[in-house]
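The block underneath contains the structure these notes are about, expressed in structure tokens.
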Amino acid sequence: MGDESFWSDVDAHVLRYGPVFERRVIDRAEGSFVIDTEGNRILDFTSGQMSAVLGHSHPEIVRTIREQIGRLDHLFSGMLSRPVVDLCKRLGSLAPGLEKVMLLSTGGESNEAAIRLAKCITGKHEIVAFSKSWHGMTGAAASATYSAARKGYGPAAVGAFAIPAPHAFRPRFTHADGSLDWQTELDDAFALIDSQSTGSLAAFIAEPILSSGGIIELPLGYLAALKRKCEEREMLLILDEAQTGIGRTGDMFAFQRDGVTPDILTLSKTLGAGLPLAAVLTSREIEEKAYQKGFIFLTTHVSDPLPAAVGLTVLDVLEREGLMARARTAGQRLRTGLEALRQRYECIGDVRGRGLLLGLEIVTDRASKTPDHAMGDRIGAEAMARGLSMNIVKVPAMGAVFRIAPPLTATDAEIDLGLSIMSDAIAAAARS
């Protein structure tokens, strides 16, 4: 499918960086759909790279880019502009205790800055993360990433530690009724951390919902307990809300459900609605201490005006169109539909997640809960052939989990269409 010369150029010149490329040439995108060069419309249930919360080519984003790029796009890092300061003000007013903001380009970059900030403040260097985490592909962020891509690249950063993520579908510690005993698991994990630490614990970095780990949601109460563990050790808590922030879970930030404010918050993906924009948020107290200690994080595109203007538009649209509430109602519609599929198809072991970030796990059988990667691949292929793009986590030991994250602007009809295609795809995969 697609222009043969295009694929010849791909083979000759495109460096392969992980995924197997879809054999389609994508030409354009609009709303909840991407369209290939043959005119096929593909319903995008991953919001691009889990980012396009307003769908593709939202008219207000297009308008902002056209206007801003003709006025002011990029500056020397020591210069400030109104879009940058306005976005810092907007973000810094969304959660008490996170008033100071730095604007960057990518999630990995924002996590690098957050970890560097934590090391600067604490004077310590050890960083703890979850064993199924994904925080980026550079330096400290890669050292805190445990779901994949660790082997073959030399040593990780000194002081990189991991603890198990609490997984209700596959609990390691259980109550008498078989449900997850996450408190005992957390206590056990930190006992191991304490035995390994050299006394230099700087921070814990966590996603409220581990996405690449297979949509593993931290149970209610877990974040508060994790924050206490950090406070007892004079560590900072960094929350990475690349995928859960900016309304996707039904709140502006996923941590707000728990009533726990991190010491440092990172945003990316959803903040730019698919364009490269990231942010680090922290308290005035931490920012002042870092400044006094000479904190430096200079990058080429820190505080660029063009993406900042886009971020302001994203927040405007989110508020005006009530998209946080929409994430809750559309998310419930989608979840109800997925639960109905689970009742129909034995291969669906679990449905989990929050708002419009949901996971569908494919298993060989529900008793063993063994991930069925082959079945997952067949379902994904059948769905794509029918015009639905879903992202399945293909990392061994993470489970065959579809990450389902439509744009917050997706209509009820589009949600229902996706569910219908999923049902047909599962039925076809079961026959093959």
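The values are calculated or read from the model by the stated rules, or taken from the named source; none is laboratory data. Keep in mind the model is a prediction, meaning the values are calculated, not measured. Here the Cβ positions follow ideal geometry from the backbone for every residue, glycine too, while neighbour counts run over all protein chains shown. What goes into the accessible areas is simple: the full protein's heavy atoms, side chains included, and nothing from ligands, DNA or RNA. Shrake-Rupley method; radii C 1.70, N 1.55, O 1.52, S 1.80 Å.
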Cut-off 11 Å, label point 7 angstrom out along Cα-to-Cβ of residue 291: give me the residues of the range 74-112 whose amide nitrogen falls inside. 100-101
Out of 411, 370, 392, whose Cα points farthest toward the positive end of the dipole of the range 369-418 (charges: +1 Lys, Arg; -1 Asp, Glu; placed on Cβ)? 370
Surrounding net charge for residue 199, when Lys and Arg each add one and Asp and Glu each subtract one, Cβ distance under 13 Å: -1
So, with points 7 Å from each Cα along the Cβ direction, the residue 153-residue 336 label distance in nm works out to 4.3 nm
Which entries in the list 89/132; 227/369; 124/227; 227/289; 89/229 go over 26 Å, if you measure between the two C-alpha atoms of each? 89/132; 227/369; 89/229
Whole-number accessible area per residue in Å² for the chain, which is evaluated in the context of all protein chains at 1.4 Å: 44 Å²
Spatial separation of Cα centroids for the range 106-172 and the range 219-282, in angstrom: 15 Å
Report, in whole Å, the centroid distance computed from the Cα atoms of the range 296-321 and the range 29-51. 24 Å
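Would you tally the net charge around residue 286, using a Cβ to Cβ cut-off of less than 9 Å, leaving residue 286 out, and scoring K and R as +1, D and E as -1?
Local charge sum for residue 286: -1.
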Under a crude label model (7 Å from the Cα following the beta-carbon direction), how far is residue 176 from residue 377 in nanometres? 4.6 nm
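For the ranges 139-146, 409-416, 188-195, what's the packing order if you count other beta-carbon atoms within 10 Å of each residue, average per peptide, and put the highest first? Display every interim value, and only then the final one.
Numbers: 139-146: 23.5, 409-416: 16.9, 188-195: 15.1.
Highest mean packing first, the order is 139-146, 409-416, 188-195.
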Residue list for the range 309-325, given a label point 7 angstrom along the Cα-to-Cβ vector of residue 256 and an amide N cut-off under 19 Å: 311-325
Kirkwood hydrodynamic radius of the range 1-92, Cα pairs, Å: 16.6 Å
So if I take the centroid of the Cα atoms in the range 324-393 and the same for the range 404-430, what is the distance between those two points in Å? 9 Å
Counting Lys and Arg as +1 and Asp and Glu as -1, each charge on the Cβ, what is the dipole of the range 235-326 about the Cα centre in debye, to the nearest 20? 100 debye
Among DSSP beta bridges whose residues both lie in the chain, state the antiparallel percentage, nearest 5. 70 percent
First select every other residue whose beta carbon is under 14 angstrom from the beta carbon of residue 159; then total the charges, Lys and Arg +1, Asp and Glu -1. +2
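Treating only the Cβ of Lys, Arg, Asp and Glu as charged (+1, +1, -1, -1), what charge dipole size does the chain show about its Cα centre? Round to the nearest 20 debye.
I would put it at about 320 debye.
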Along the dipole axis of the chain (charges at Cβ: +1 for Lys and Arg, -1 for Asp and Glu; origin at the Cα centre), the most positive-end residue among 264, 171, 138 is 264
Output the DSSP H helices from the chain with an along-axis C-alpha extent of no less than 24 Å and a mean Kyte-Doolittle hydropathy no less than 0.5. 412-431
Roughly speaking, what % of Cα-Cα pairs in the chain are separated by over 30 Å, rounded to a whole number? 44 percent
Which percent of the accessible heavy-atom area of the range 104-236 goes to carbon and sulfur, probe 1.4 angstrom? 54 percent
Label zone at residue 57, where the point sits 7 Å out along the Cα-to-Cβ direction: the range 281-318 residues whose backbone N lies under 12 Å: none
Semi-axes (Å, rounded, descending) of the ellipsoid equivalent to the range 126-168 per its C-alpha gyration tensor are 17, 11, 8
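Pop out the carbon and sulfur fraction of the accessible area of the range 306-432 as a percent, whole number, probe 1.4 Å.
53 percent
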Can you give me the solvent accessible area of residue 378 with a 1.4 Å probe, rounded to the nearest 10 Å²? 80 Å²
If the cut-off is 12 Å between C-alpha atoms, which aspartates and glutamates fall inside it for residue 269, apart from same-chain ones fewer than 8 positions away? 109, 240, 241
